[in-house]
1. Semi-axes of segment B:141-291's equivalent ellipsoid from the Cα gyration tensor, sqrt of 5 times each eigenvalue, largest first, rounded to whole Å?
2. Can you show me the helix-derived [θ] at 222 nm for chain A, built from DSSP H runs with n ≥ 4 at -39,500 (n - 2.57) apiece and divided by the number of residues, rounded to the nearest 500.
3. Using only the Cα atoms of chain A, what do you get for the radius of gyration and for Dmax, in Å?
4. Please return the longest range in chain A lying between exposed loop sites, taking GluC sites (Glu not before Pro), DSSP loop only, at most 16 other beta-carbon atoms within 10 Å, and leaving the sites out.
5. For chain B, take the longest principal axis of its alpha carbons; what is the angle in degrees between that and the long axis of helix B:158-184, to the nearest 10 within 0 to 90?
6. Near A:LYS268, which lysines are there with a Cα under 28 Å away, not counting those fewer than 8 places off in the same chain?
7. Across the residues of A:192-205, average count of Cβ atoms on other protein chains within 10 Å?
8. Scan around A:LEU3 for amide H atoms under 5 Å from its own, H built in the peptide plane at 1.01 Å from N, and keep only partners 5 or more places away or cross-chain.
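Bear in mind that the values in this text are calculations on the coordinates, not laboratory data. The shown structure was predicted, so the numbers you read here are calculated from the model rather than taken from an experiment. Note that each Cβ is placed from the backbone with ideal geometry, even for glycine, and that neighbours are counted across all protein chains shown.
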Amino acid sequence: MDLAIHTEKLARVYKLRGNKKEAAKELVALRDINLDVRRGELFGLLGPNGAGKTTLIKILTTLLAPSSGVARVAGYDVASEPEKVRPRINMVSGGESSGYGLLTVRENLWMFAQFYGIPSKLANERIKQLLDIVRMSDRMNTKSSDLSTGLRQKMNIVRGFLTDPEVLFLDEPTLGLDVEASLDVRNFVRGWMEANPDRTLLLTTHYMVEADELCDRVAIINGGQVLACDTPANLKRQLQSDVIYRMEVSPLNGLQPEALEALGGVRKVSHEAQDGAAVLELILAEDDALGSVVNMLTGKDIHILNLQKREPSLEDVFVNLVGHSMKEAESDANG
Amino acid sequence: MQATQGIGKPAKERGVSGRTFRAAAWLGWQIESNWADPLIFFIYSVIKPLSGAAILVVMYSVITNGAFDDPMFAYIYLGNAFYIYVAAVLTGVSWTVIDDREIYRMLKYIYIAPVHVPVYLLGRGFAKFAFGSLAVFITIAAGVYFLNVPLDLSLVNWPLFAVSLTLGIVMLAMMGLVLGSVMLLIVNNANFMGEAVAGALYLFSGAVFPLSILPGWLQPVGYIIPISYWLELLRRSVVGQVAESFPTFSQFSDIQLLAILAGLTALFTILGFVVFRYCDHQAREKGYLDRYSNF
């Protein structure tokens, strides 16, 4: 199999220094990650903040050494052959305002093209073409310090695509972008992949829809471990025999979701407070189980405000694997 | 949106250092010169070095009652003028790590590009060298025209000056590489390091007073600092008679001093790349390449 990315028992442990108030400790960011991404694949890493996605990208892009295990990108070992990996990759991190503010958009991009050995004429042509695509042609000569966060992010995305890498890493590329800009980015990513079957793209996101829409395969990652890896359709098929309800109710009055999970036929329940109400996502073995849920809620004087039956989503797959929602997982990771 | 056609070929290995240096020097030049309009930038470029020299001149005048004809004045003035290179090149190369990691947050993108990072740092330092040269020229010209610093262009030993200056700049760049490499491993307070090192070297390198003035037990510090030999060679080449008035290095001929400077430059060149290799490895181990302190 022609692999663009291959990891084997990849692990990363951060050693955190102690101080007067806290003892030194170790933080396991990744444990035994085994991953194969085929050439030409748009592969998604889906998980909450703190799951280990960015750590994995840092290792694959040669910024961080693994604690143990093997990681190869474009056939080269990232730890021992970083100089062979770097000409073949590029990366874009979302949600940050990096860039040389004193340079114009064109100058920022042209300079990076020089680092990658792209002739000036070709670089200028590509810059124009890509800025047209992201609808930033009119800002080509604007200093990047004068750009909004969203436009800076778009410039950063252009920087990633400008070098036309064999393997591109997009770390939360739509973080902080508005809906329209996010859609632009997703469409562009899809088109870029379709234009050449040799391109490989690894995308990390915690937006379920993004992973579902874009990715050929998705690995769900939490607590530094890959919990499942398959096509979005196959992952959701695991829940095909289940029924899923989204229920909006009045505040839970102290009722714990675990109490609902103890009911017969109820597989998983995730809970989120929302503007004086609560939203319950229920994964049930069969429709009949809904009756006992309703009984328990009404018995606690909890009113049902809205009830929807829906198809399984990747969020449900995550809940089924982890036991709680992505947001709850993020809260746990943040302590 | 539509995607572009075609896939890029990996960057050519040949010429990596050359293109890295050129692009880094271009970036450094833009950063140094682009923050103001050209007129303000020109005024700043003239006033800044003159202000630095003026502080020294006023202090000297008060202490010596205006003895500007004393060889000591030329010694101090020229030492101070050439020391501008130390601050510009040494801290210019090393500060790039802080600049790119903390301020522009671009170090990680530079790192994953097919560039030679040490060459990139040296390229960024080159722009500082260019601006430093302008400042040195302005400072010396002001000293000659307004303060009677005894510099006669027909008496300057130009070959010695050119070789000494070149060796010294390479040495300072390599010292900057050592410092910059260490900064890769310091997340907090790394921004003070460059100035602290340049300040410490200022005291012990014979920039503003001959090493013989230092207490005996401190003089060896001056003798192990390469900058001491470099400044002595520059003074000898530019105003030989002033250098002869201070016997600190009188036991060495010009050739011997050049040999010492060349040896130390070679040592720091090797040291620069060895230390970088070690610190680069450690920084990747510890995950410091994109760690921000938000200082």
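1. Working: eigenvalues 223, 54, 49 Å².
In descending order, the three semi-axes are 33, 16, 16 Å.
2. Roughly -10000 deg cm²/dmol at 222 nm, from the helical runs in chain A.
3. Rg, Dmax (Cα atoms, Å): 22.6, 73.
4. Details: sites that count: A:GLU22, A:GLU286.
Formally, the longest exposed-site-free interval is A:23-285.
5. 50 degrees
6. Straight-distance partners of A:LYS268: A:LYS53, A:LYS236, A:LYS300, A:LYS309, A:LYS327.
7. Numbers: counts 5, 1, 2, 6, 5, 1, 1, 3, 0, 0, 0, 0, 0, 0.
Partner Cβ neighbours, averaged per residue: 2.
8. For A:LEU3, whose amide H was placed from the backbone, the distant partners under 5 Å are A:ARG39.
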